Amino acid sequence: MVCYLKQIAVKTQIFKKSILFILALGLILFFIVDMASARGNDIEKILSEGRLPSTLKLKEVEPQKYLVATDYFNRDIYGNFFSKQRYQGTYSRGYSGGKVNWGRATSESTTDEKAPL
């Protein structure tokens, strides 16, 4: 009887491992197919080109404002932190003649890696 229970336990373990393997294989195949189908996507093509289509027309009834912030973390060739900077400003577009405006531009810098900017 004990031998029979051990056989059932072993078969149950093998069954569980088989199910997990099949599920993992299914997920891998799903992601491979998903990635392959995304390559033919127009969005993927536009993003890979790094620019917007020339036929894109924006509806700019009034100027649009955006807050732009860029953080730089500086390290030496060994990967040791030595400073960080933040440049921030307000970018406005949609003015007549295609003009843009940068305002409230600031920069901050610190040599403390954990200090807030």
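No value in this document is a laboratory result; all are computed from the given coordinates. Being a predicted model, the structure only gives us computed values, none of them experimental.
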Under Karplus coefficients 6.51, -1.76 and 1.60, residue-wise ³J(HN,Hα) of the stretch 19-26 in Hz, glycine/proline x:
4, 4, 5, 5, 5, 4, 4, x
Could you tell me the distance between the Cα centroids of the stretch 42-112 and the stretch 11-28, to the nearest Å?
47 Å
How big, in percent, is the set of alpha carbon pairs in the chain lying more than 25 Å apart?
66 percent
For the stretch 58-110, calculate the relative contact order in percent as a whole number, restricting contacts to Cα pairs under 8 Å that are 6 or more residues apart.
34 percent
Mean ellipticity per residue at 222 nm, deg cm²/dmol - from DSSP H runs of n ≥ 4 across the chain, formula -39500 (n - 2.57):
-14000 deg cm²/dmol
Taking a cut-off of 19 Å between Cα atoms, list the lysines near residue 59, but don't count ones fewer than 8 places away on the same chain.
99
I'd like the Karplus ³J(HN,Hα) series for the stretch 106-112: coefficients 6.51, -1.76, 1.60, θ = phi - 60°, whole numbers in Hz, and an x wherever there's a Gly or Pro.
9, 9, 10, 8, 8, 9, 9
³J(HN,Hα) across the stretch 77-92 via Karplus (A = 6.51, B = -1.76, C = 1.60, θ = phi - 60°), whole Hz, x for Gly/Pro?
5, 9, x, 7, 5, 9, 5, 8, 9, 10, 10, 9, x, 9, 9, 10
Amide H neighbours of residue 83 under 5 Å, counting only residues 5+ apart in sequence or on other chains, H built in-plane at 1.01 Å?
74
For the stretch 58-110, I need the span (max minus min coordinate) of the C-alpha atoms along each principal axis, in Å, sorted largest to smallest.
50, 20, 14
